[in-house]
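Encoded as structure tokens, the structure appears first; notes follow it.
The values are calculated or read from the model by the stated rules, or taken from the named source; none is laboratory data. Note that the coordinates shown come from a computational prediction; the quantities given were computed from them, not determined experimentally. So basically every Cβ, Gly included, is an ideal-geometry build from the backbone, and we count neighbours across all protein chains shown.
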Amino acid sequence: MAKGTTGRFAPSPSGRMHLGNLFSSLLAWLSAKSQGGRMVLRIEDLDAQRCTRTYAERVEADYRALGLFWDEGGRSGGPDGPYYQSRRNEQYAAALERLRQKGLVYPCFCTRAQLHAASAPHRDDGQTIYPGTCRDLTADEIAARSAARAPALRLRVPDREIGFLDGNLGWYAENLERDCGDFLLRRSDGLWAYQLAVVVDDAAMGITQVVRGSDLLSSTPRQLYLYNLLGLTPPEFYHVPLLLAPDGRRLSKRDGDLSLDALLERSTPQAMIGGLAYLAGLNPGAEPRSPESLLPEFDWEKVPKTDIYVPDGLFF
Ligand code: GLU
């Protein structure tokens, strides 16, 4: 039986929502709903130090205030919960076990300082490419080092190009060994890595369509490799351009003046949706709109492919 479209919101509640989150969330909602699909809300609160329950609740309130409703997840729950990553330890442990059985997981004792050493090769986005330092440790070496330090866990990657056709940006591929290196599944302090958690959860929650910021484009080949190893069906991916402040900075949670709180003091939900839809090429002017009113004209063809400057005066 053909399965309908299921999209998702996957916010990390480490602060209030900001324009960039809202932009990709609006597009995720429009894309799924314009195909008659459903939306799931999953709270990505793996990092308990940074993600609080209060923020998670505010995020839900923010989506509701903007008219971006979801069908399943968050506090409303549903059949594929829990929808909080902090409560999905068992699911991640089971996936890790499957990867271990394939002989692809190994402990890594490298310190942060070693990983960031100037000699380590870097990717274009500034992240280090893991050089495989701990890849071939012997059982004795592992035992000796484990006594001194809890290891992180890494996944061996192949010397192979993994690519996909992004629904918004077109073809993207990486050679995992050359461009990324063996990547983390679990940190030394026990925190699950985003790459593993997002794959396990998107598959378990029946997500058929992932719409997110293009800062995560380069994570996708790693995630596709995990889908493959775990025998799971990957969703379609649509990466959306990032929003840039007039001075060229990427908008982030640090831009307090652009948090939803601050914006809603100066604006209304419909004015915000209208402004974001304008940036997405879906609203001819920046007049206030409801999300529903944008559905009939929604088309990925109209959505920009490169990062977008937010013009002075639109939101600030
Ligand atoms: N939780 C991530 C974020 O808020 C999004 C992850 C994803 O969409 O795959 O940036």
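In segment 10-50, which residues are of a type in the set (S, T, N, Q), more than 10 Å from the ligand (Cβ to nearest atom) and either at pLDDT below 95 or over 16 Å from PRO235 (Cβ atoms) (or both)? Outline the logic, then answer.
Here is the first cut: in segment 10-50, the residues of a type in the set (S, T, N, Q) are 12, 14, 21, 24-25, 31, 34-35, 49.
Subsequent filtering for residues that are more than 10 Å from the ligand (Cβ to nearest atom) retains 31, 34-35, 49.
Residues satisfying the conditions are SER34, GLN49.
VAL199 versus (1) away from the ligand (no atom under 16 Å from the Cβ); (2) of a type outside the set (Phe, Trp, Tyr); (3) out of contact with any strand residue (DSSP E or B) (no Cβ under 8 Å at 6 or more places or on another chain): which is the lone unmet condition?
Of (1) away from the ligand (no atom under 16 Å from the Cβ); (2) of a type outside the set (Phe, Trp, Tyr); (3) out of contact with any strand residue (DSSP E or B) (no Cβ under 8 Å at 6 or more places or on another chain), only one is false for VAL199: (1).
Only one of these conditions is not met by SER252: (1) over 21 Å from THR6 (Cβ atoms); (2) touching a His at 6+ places or on another chain (Cβ under 9 Å); (3) within 13 Å of the ligand (Cβ to nearest atom); (4) at pLDDT 95 or above. Which number is it?
The number of the failed condition is (4).
Is it fair to say ASP159 is surrounded by fewer than 17 Cβ atoms within 10 Å (Cβ to Cβ), out of contact with any strand residue (DSSP E or B) (no Cβ under 8 Å at 6 or more places or on another chain) and among the charged types (D, E, K, R)? Walk me through it before giving the result.
On the way: surrounded by fewer than 17 Cβ atoms within 10 Å (Cβ to Cβ): yes; out of contact with any strand residue (DSSP E or B) (no Cβ under 8 Å at 6 or more places or on another chain): no; among the charged types (D, E, K, R): yes.
Here the answer is no, as ASP159 does not meet what is asked.
Given the options PHE69, PHE23, name the one that is aromatic (Phe, Trp, Tyr), under 30 Å from GLU301 (Cα atoms) and assigned to a loop (DSSP other than H, G, I, E, B).
Details: PHE23 fails: assigned to a loop (DSSP other than H, G, I, E, B).
The conditions single out PHE69.
Hey, among SER14, SER24, which residue is surrounded by fewer than 19 Cβ atoms within 10 Å (Cβ to Cβ), within 14 Å of the chain's Cα centre (by Cα) and at negative phi? So that I can check it myself, show each step before the final result.
Details: SER24 fails: surrounded by fewer than 19 Cβ atoms within 10 Å (Cβ to Cβ).
Among SER14, SER24, only SER14 is surrounded by fewer than 19 Cβ atoms within 10 Å (Cβ to Cβ), within 14 Å of the chain's Cα centre (by Cα) and at negative phi.
Is there a residue in segment 294-312 that is in a helix (DSSP H, G or I) and over 20 Å from HIS239 (Cα atoms)? Don't jump to the end; show me each part of the working.
Of all residues in segment 294-312, those in a helix (DSSP H, G or I) come to 294, 300-302.
Applying the additional criterion that residues be over 20 Å from HIS239 (Cα atoms) yields none.
No, segment 294-312 contains no residue that is in a helix (DSSP H, G or I) and over 20 Å from HIS239 (Cα atoms).
Considering only segment 98-124, how many residues are out of contact with any strand residue (DSSP E or B) (no Cβ under 9 Å at 6 or more places or on another chain) and either at pLDDT 95 or above or outside any loop (DSSP other than H, G, I, E, B) (or both)?
Total satisfying the criteria: 7.
Can you confirm whether TYR106 is within 16 Å of the ligand (Cβ to nearest atom), out of contact with any Ser or Thr (no Cβ under 8 Å at 6 or more places or on another chain), touching a residue at least 40 places away in the same chain (Cβ under 8 Å) and within 30 Å of ARG156 (Cα to Cα)?
Values: within 16 Å of the ligand (Cβ to nearest atom): no; out of contact with any Ser or Thr (no Cβ under 8 Å at 6 or more places or on another chain): yes; touching a residue at least 40 places away in the same chain (Cβ under 8 Å): yes; within 30 Å of ARG156 (Cα to Cα): yes.
It is false that TYR106 is within 16 Å of the ligand (Cβ to nearest atom), out of contact with any Ser or Thr (no Cβ under 8 Å at 6 or more places or on another chain), touching a residue at least 40 places away in the same chain (Cβ under 8 Å) and within 30 Å of ARG156 (Cα to Cα).
Out of curiosity, is ASP47 in contact with an Asp or Glu (Cβ under 9 Å, 6 or more places away or on another chain) and farther than 28 Å from THR268 by Cα?
No, not satisfied.
When THR6 is evaluated against the numbered criteria (1) within 13 Å of the ligand (Cβ to nearest atom); (2) surrounded by fewer than 24 Cβ atoms within 10 Å (Cβ to Cβ); (3) β-branched (Val, Ile, Thr), which criterion, by number, is the only one it fails?
Tallying (1) within 13 Å of the ligand (Cβ to nearest atom); (2) surrounded by fewer than 24 Cβ atoms within 10 Å (Cβ to Cβ); (3) β-branched (Val, Ile, Thr), THR6 fails exactly one: (1).
Please enumerate the residues belonging to segment 202-228 that are away from the ligand (no atom under 16 Å from the Cβ) and β-branched (Val, Ile, Thr).
Within segment 202-228, the first condition is being away from the ligand (no atom under 16 Å from the Cβ), and the residues that meet it are 228.
Result: no residue meets the conditions.
Would you confirm whether any residue within segment 291-302 is in contact (Cβ under 8 Å) with a residue 24 or more places away in the chain, among the hydroxyl-bearing types (Ser, Thr, Tyr) and surrounded by fewer than 19 Cβ atoms within 10 Å (Cβ to Cβ)?
Checking segment 291-302: not a single residue is in contact (Cβ under 8 Å) with a residue 24 or more places away in the chain, among the hydroxyl-bearing types (Ser, Thr, Tyr) and surrounded by fewer than 19 Cβ atoms within 10 Å (Cβ to Cβ).
For segment 184-288, please list each of the helices (runs of 4 or more DSSP H) lying entirely inside it that holds at least 2 residues being within 21 Å of LEU169 (Cα to Cα), touching a Cys at 6+ places or on another chain (Cβ under 9 Å) and touching a residue at least 24 places away in the same chain (Cβ under 8 Å). Reasoning before the result, please.
On the way: elements: 194-204, 220-230, 260-266, 269-279.
So the answer is 220-230.
I'd like the full set of residues that are of a type in the set (Val, Ile, Thr) and either surrounded by 15 or more Cβ atoms within 10 Å (Cβ to Cβ) or closer than 20 Å to GLY20 by Cβ (or both), limited to segment 53-81.
The initial filter retains those residues of segment 53-81 that are of a type in the set (Val, Ile, Thr), namely 54, 59.
Result: VAL59, single match.
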